[in-house]
Amino acid sequence: MIPMNTIYNEMGIRETVLSFGKNIEKNLKDRFEKIDEIAEYNQLKVIKAMQDNRVSAGCFNYASGYGYDDQGRDTLEKVYASIFHTESALVRPQITCGTHALSLALAANLRPGDELLAPAGSYEGFEAAIGAGADAVYVGGAAFGARAYAKNFGEEELLRAIDTAHIHGRKLYLTVNTLLKNRELSEQLYDYLLPYYKEGLDAVIVQDLGVFSFIRRNFPDLDIHASTQMTVTGPEGMRFLEEKGATRVVPARELSLEEISAMHKASPLEIETFIHGALCYSYSGQCLMSSIFGGRSGNRGRCAQPCRLPYSVTMDHRKYKGDKDFCALSLKDICTLDILPDILEAGVMSLKIEGRMKQPAYTAGVTAVYRKYLDMYLSGKEYHVQENDRKYLLELFSRGGSCKGYYDMYRGPEMMAFANEKKSGNIQPEIRKIKEKIHGNLILSPESPVILEITCKGQTVTAMGGEVQFAKNQPMEEQRIRQQMEKLGNTDFQWEDLNIEINGRIFVPVKVLNEVRRDALSQLREALIGCQKRAQVTKQPTKSKDQAACHRRVTDSLPVYVSCERSDTAEVLLNEPGITGFYFPFDTMEKYFSPELAASSELYLSTPHIHRGEIPEKWLHAWLFGDFCLAWKMPFEGNVGGNCLCFRESFLKCKSRCKSKREQRE
């Protein structure tokens with residue numbers, strides 16, 4: 001049986017997390033007579049199953065002392081049942097009696113807020129993030145990222161970053177969060193992602209549902225995170241993306257903690273939210289201002305940030321006058337140190353820092369501060385933010401102060417900077433390069449090869465080379481050998497201890513020692529990253545019906561559809577011949593709808609670009625009891641990533657109720 005401490009070490013669990021897991025385990029052991037030996041073996045299978053089934057850590061109530069609440073118990077029952085091939089009810093006693101699978105799962109980083117996610121616009125920024133304590137880093141490659149003007153990563157750098165992250169037990173996510181053109185999707189995306197997929201890329205961050213579908217089809221075991229650019233605003237969007245195979249959702253930044261909590265309760269998908277950095281004035285993914293003003297689309301990664309520019313402001317024919325330029329749309333950055341526990345308890349699993357355009361020193365400084373307070377919260381100590389840390393963050397970067405974002409408020413003037421004065425103090429955070437501790441055993445015997453055994457995170461490798469010689473005159477001293485073997489240079493490792501076993505009077509050429517050391521470190525590196533790599537996958541062909549649609553010839557009978565966002569536009573176009581269908585917002589639909597129009601034209605409801613909360617009562621009443629339910633076929637369109645799904649779910653319920661209403665009338 002593998003000792004539990006060895007398992008913990010191999011999983012790379014931080015001390016604070018390990019301590020938490022052990023406390024839960026102790027509570028279970030104190031409460032029940034024993035934890036059976038079968039659980040000692042099966043807990044590994046349970047952890048893997050939880051990961052494979054994408055079980056959200058939010059299912060568990062960590063404050064309860066029992067380790068889980070009713071929802072957590074039900075979730076565990078399903079996982080146990082799938083592992084042990086039995087009915088859920090039959091495994092309930094095993095769970096209730098406290099096998100420590102849950103405690104290990106908690107300690108295995110499956111808890112809310114156990115991921116601190118930092119940005120990197122360059123390889124130097126990546127090293128700064130890892131060195132400061134980030135659990136994961138998100139980066140942009142040479143294409144398809146929403147920060148086209150960042151330095152970003154070339155292919156060789158990105159492959160190196162993936163390997164380095166895995167050596168240190170961290171994760172790396174790639175942004176593919178722009179809208180793609182058809183040719184880019186069909187001719188470029190597969191070749192772009194393939195080398196990173198094979199190297200073991202942990203996840204991609206996606207906005208475009210076409211990209212989402214393409215990746216799901218061509219790279220089926222690559223995790224997909226739904227970008228905040230997708231503007232998911234409610235539980236319906238979460239459930240839709242869960243059905244499509246997403247593993248995580250980054251909801252719209254404008255949501256409150258209450259809304260995020262409702263989304264968390266509706267779906268087991270992981271939730272990632274921004275905790276520090278710049279805010280957009282518009283909903284992410286919905287802003288066309290940069291594109292309209294200067295032809296640089298934010299949805300293509302080229303936002304010119306017009307919201308940071310000064311504007312002339314007029315109200316009631318009176319013009320704003322001030323000593324400085326008035327940046328009417330410029331928001332302060334967010335800083336959530338004070339409400340970090342509230343964010344975690346709302347069900348957020350990943351805490352995201354914004355700033356891929358920032359310098360590595362900024363990344364290092366901000367990440368280190370949030371690492372400190374996240375560990376404070378996870379340790380169970382009293383949570384208290386020190387004033388000097390607030391000031392430190394403002395000195396790193398400030399636009400006239402900071403705000404807490406939308407988490408605890410809808411909007412307000414205190415969120416506005418009204419200026420674009422970027423300030424930073426004269427501080428230079430330390431950029432630390434972390435190294436993994438290794439244990440070594442060097443054996444030197446005359447007329448035998450040099451043997452070096454190295455162990456790290458449960459992986460052991462052995463390298464042999466050259467030949468150890470008898471020393472005729474002056475034997476080689478251990479200090480000289482150690483000095484040579486400890487030259488690890490710019491590698492990812494450092495010696496925790498190195499045992500040197502010398503048998504007799506020996507001499508070894510320095511060149512041989514160097515070669516064996518390099519060979520052993522190379523083997524160790526490959527052992528640590530090799531399990532993350534994937535096999536080649538074949539590009540899946542585009543469906544023939546899709547190709548036919550793309551290459552269909554334009555004819556004289558091409559249908560024409562019009563969108564009428566205003567009533568006066570609709571009034572004119574309704575009298576025009578040759579229009580196949582109309583897109584109306586609700587008020588316009590309510591004004592012009594008739595059974596005759598529905599019979600002669602296709603009618604579509606244009607839902608708002610953003611919808612949060614319940615469908616307005618008057619809309620539902622119209623579908624349930626008005627003429628709409630009798631004559632309209634109920635097609636609609638909208639932002640599929642978010643509000644459209646809310647309407648879809650409500651409309652399907654309405655359709656069932658309308659059918660019942662018609663039957664009553666008949």
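Some points to look at:
- Test result for Ala548, modelled with pLDDT under 90, within 41 Å of the chain's Cα centre (by Cα) and assigned to a helix (DSSP H, G or I): yes
- Looking across segment 355-365, just one residue is modelled with pLDDT of 95 or more and within 18 Å of the chain's Cα centre (by Cα), and that is Thr363.
- Per-region count, segment 552-591, residues free of Cβ contacts under 8 Å to residues at least 24 places away in the same chain, touching a helix residue (DSSP H, G or I) at 6+ places or on another chain (Cβ under 6 Å) and not in a strand (DSSP E or B): 1
- The set of residues from segment 305-343 being acidic (Asp, Glu), under 20 Å from Ala278 (Cβ atoms) and within 32 Å of the chain's Cα centre (by Cα) comprises Asp333, Asp338.
- Residue match in segment 217-227 (condition: polar (S, T, N, Q) and within 25 Å of Lys332 (Cα to Cα)): yes
- Enumeration of residues in segment 486-543 that are buried (at least 17 other Cβ atoms within 10 Å of the Cβ) and among the aromatic types (Phe, Trp, Tyr): Phe493
- Verdict on Leu172 being modelled with pLDDT of 90 or more, surrounded by 22 or more Cβ atoms within 10 Å (Cβ to Cβ) and either among the basic types (Lys, Arg) or not in a helix (DSSP H, G or I) (or both): yes
- All of (1) modelled with pLDDT of 90 or more; (2) part of a loop (DSSP other than H, G, I, E, B); (3) not polar (S, T, N, Q) hold for His225 with one exception: (2).
- Members of segment 496-519 that are among the hydrophobic types (A, V, I, L, M, F, W, C) and assigned to a strand (DSSP E or B): Leu498, Ile500, Ile502, Ile506, Phe507
- Out of Ala278, Ala252, Ala226, sole residue that is over 21 Å from His611 (Cα atoms) and in contact (Cβ under 8 Å) with a residue 40 or more places away in the chain: Ala278
- Counted residues, segment 179-222 - those being more than 19 Å from Ala535 (Cβ to Cβ), assigned to a loop (DSSP other than H, G, I, E, B) and touching a residue at least 24 places away in the same chain (Cβ under 8 Å): 5
Conditions tested, residue by residue: (1) surrounded by 19 or more Cβ atoms within 10 Å (Cβ to Cβ); (2) closer than 30 Å to Leu528 by Cα.
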| residue | (1), (2) |
| --- | --- |
| Phe397 | yes, no |
| Asp408 | no, no |
| Ile427 | no, no |
| Arg432 | no, yes |
| Leu452 | yes, yes |
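- First in segment 596-620 and assigned to a loop (DSSP other than H, G, I, E, B), second anywhere and surrounded by fewer than 18 Cβ atoms within 10 Å (Cβ to Cβ) and at pLDDT 80 or above, Cβ under 6 Å, 6 or more apart: Ser601/Gly581; His609/Gln286
- Residue that is surrounded by the most Cβ atoms within 10 Å (Cβ to Cβ) [pool: residues in segment 460-476 that are assigned to a strand (DSSP E or B) and either modelled with pLDDT under 90 or over 51 Å from the mean Cα position of the chain (by Cα) (or both)]: Gln469
- Any hit, segment 419-435, residues being part of a loop (DSSP other than H, G, I, E, B), acidic (Asp, Glu) and at pLDDT below 90: yes
Table: residues versus (1) surrounded by 17 or more Cβ atoms within 10 Å (Cβ to Cβ); (2) without any contact (Cβ under 8 Å) to a residue 12 or more places away in the chain; (3) among the aliphatic types (A, V, I, L, M).
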{"position": "Lys352", "(1), (2), (3)": "yes, no, no"}
{"position": "Tyr362", "(1), (2), (3)": "yes, no, no"}
{"position": "Val369", "(1), (2), (3)": "yes, no, yes"}
{"position": "Tyr373", "(1), (2), (3)": "yes, no, no"}
{"position": "Leu378", "(1), (2), (3)": "yes, no, yes"}
{"position": "Val385", "(1), (2), (3)": "no, no, yes"}
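- Hits in segment 346-367 (condition: β-branched (Val, Ile, Thr) and in a loop (DSSP other than H, G, I, E, B)): Val348
- Within segment 556-592, considering residues that are among the polar types (S, T, N, Q) and within 26 Å of His611 (Cα to Cα), the one least open to solvent (accessible area, probe 1.4 Å): Thr588
- Count of segment 369-402 residues which are outside any helix (DSSP H, G or I) and either among the small types (Gly, Ala, Ser) or closer than 28 Å to Ile431 by Cβ (or both): 12
- Single match in Leu201, Leu193 (criterion: under 13 Å from the mean Cα position of the chain (by Cα), closer than 24 Å to Ser350 by Cβ, at pLDDT 95 or above and open to solvent by less than 10 Å² (accessible area, probe 1.4 Å)): Leu201
- Hey, Glu436 closer than 30 Å to Leu393 by Cα and open to solvent by 20 Å² or more (accessible area, probe 1.4 Å) or not: yes
- Of the helices (runs of 4 or more DSSP H) contained entirely in segment 241-345, those carrying at least 1 residues that are touching a helix residue (DSSP H, G or I) at 6+ places or on another chain (Cβ under 7 Å) and open to solvent by 60 Å² or more (accessible area, probe 1.4 Å) fall at 289-294, 340-345.
- Hey, Glu127 touching a Pro at 6+ places or on another chain (Cβ under 8 Å), of a type outside the set (Ser, Thr, Tyr) and at negative phi or not: yes
- Which numbered condition Met409 misses (of (1) more than 28 Å from the chain's Cα centre (by Cα); (2) part of a loop (DSSP other than H, G, I, E, B); (3) not polar (S, T, N, Q)): (1)
The values are calculated or read from the model by the stated rules, or taken from the named source; none is laboratory data. Please read these numbers as outputs of a predicted model, since none were measured by experiment. In this analysis, Cβ positions are derived from the backbone assuming ideal geometry, glycine residues included, and neighbour counts consider all displayed protein chains. The protein model used for the area step is the full one, side chains on, heavy atoms only, and it has no ligands, DNA or RNA in it. Shrake-Rupley method; radii C 1.70, N 1.55, O 1.52, S 1.80 Å.
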